[in-house]
Amino acid sequence: MLKILLFLLFFSLPLAAQEQWLIKVDEDDSTVWVERNGQVTHGDKLRYRFIKDGCDVIQEVFTFYTMVNNENIKSLKGRVLGLMINDQQVGAEVMFALPFLSGHSVWFNLGHYYVDDHIDYWGSTKFYEVEIVDNENFMVADFFDIRVNKWDMDKFAESLTVGQKKCKSL
């Protein structure tokens, strides 16, 4: 019985943490991050970055964790990889790949957007789903063991608005 309770407690805590956006203020870096854990891989985050004196614009970033351990993973830096985001084909630049746990955390940059425009665009979306896709010059399985993640967009607009207010108060 104790093992079952420990199992439920251990696995329910990450699920509870997914239920909200986290807003992190880094005063030393004059940055505010609004982020949420993924539903497929907890710890992979969808992030929106505000920078002091530019609080009307956000940078959209997400991470994918991989355990493939391809020795050439760092060569992805600067490459634009094909993605499907909610059934729309886009590209994202690989910012860097960092060693993490038994694999690597790969950071993707989707660009900079005006906050209000982004809220208008994504505000009514229930989920934000990213799939890294193969193309003639890139095979996903060579670098990533999990090619899909999904984030709940509940309270997206409210969270970005709070992040923007915190940015303006830096």
Solvent exposure of the stretch 82-170 as accessible area per residue, Å², 1.4 Å probe: 56
Pairs of lysines in the chain (C-alpha under 24 Å apart; 8 or more residues apart or interchain): 27
For the chain: rounded, prolate or oblate by the Cα gyration tensor [a/c cutoff 1.5]: oblate
Over the chain, relative contact order from alpha-carbon pairs under 8 Å, at least 6 apart, %: 25
Cleavage-rule hits, GluC sites (Glu not before Pro), the stretch 111-170, DSSP coil, Cβ neighbours within 10 Å at most 15: E136
Separation between Cα centres of the stretch 121-170 and the stretch 29-67, rounded to whole Å: 8
Loop-exposed trypsin sites (Lys or Arg not before Pro) per DSSP, neighbour cap 15 Cβ within 10 angstrom, longest uninterrupted part of the chain: 1-51
Accessible surface of the chain [probe 1.4 Å, protein heavy atoms]: carbon and sulfur percent: 54
Which of W151, L76, S169, positive extreme of dipole for the stretch 40-170 (C-beta unit charges): S169
Theoretical ellipticity at 222 nm over the chain - DSSP helices of four or more residues, -39500 (n - 2.57) apiece, nearest 500: -7000 deg cm²/dmol
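The values are calculated or read from the model by the stated rules, or taken from the named source; none is laboratory data. This structure is a prediction, so every number in the text was calculated from the model and none was measured. Cβ sites come from the backbone with ideal geometry, for glycine too, and all protein chains shown count toward neighbours. These accessible areas exclude ligands, DNA and RNA; they are computed on the full protein's heavy atoms, side chains included. Shrake-Rupley method; radii C 1.70, N 1.55, O 1.52, S 1.80 Å.
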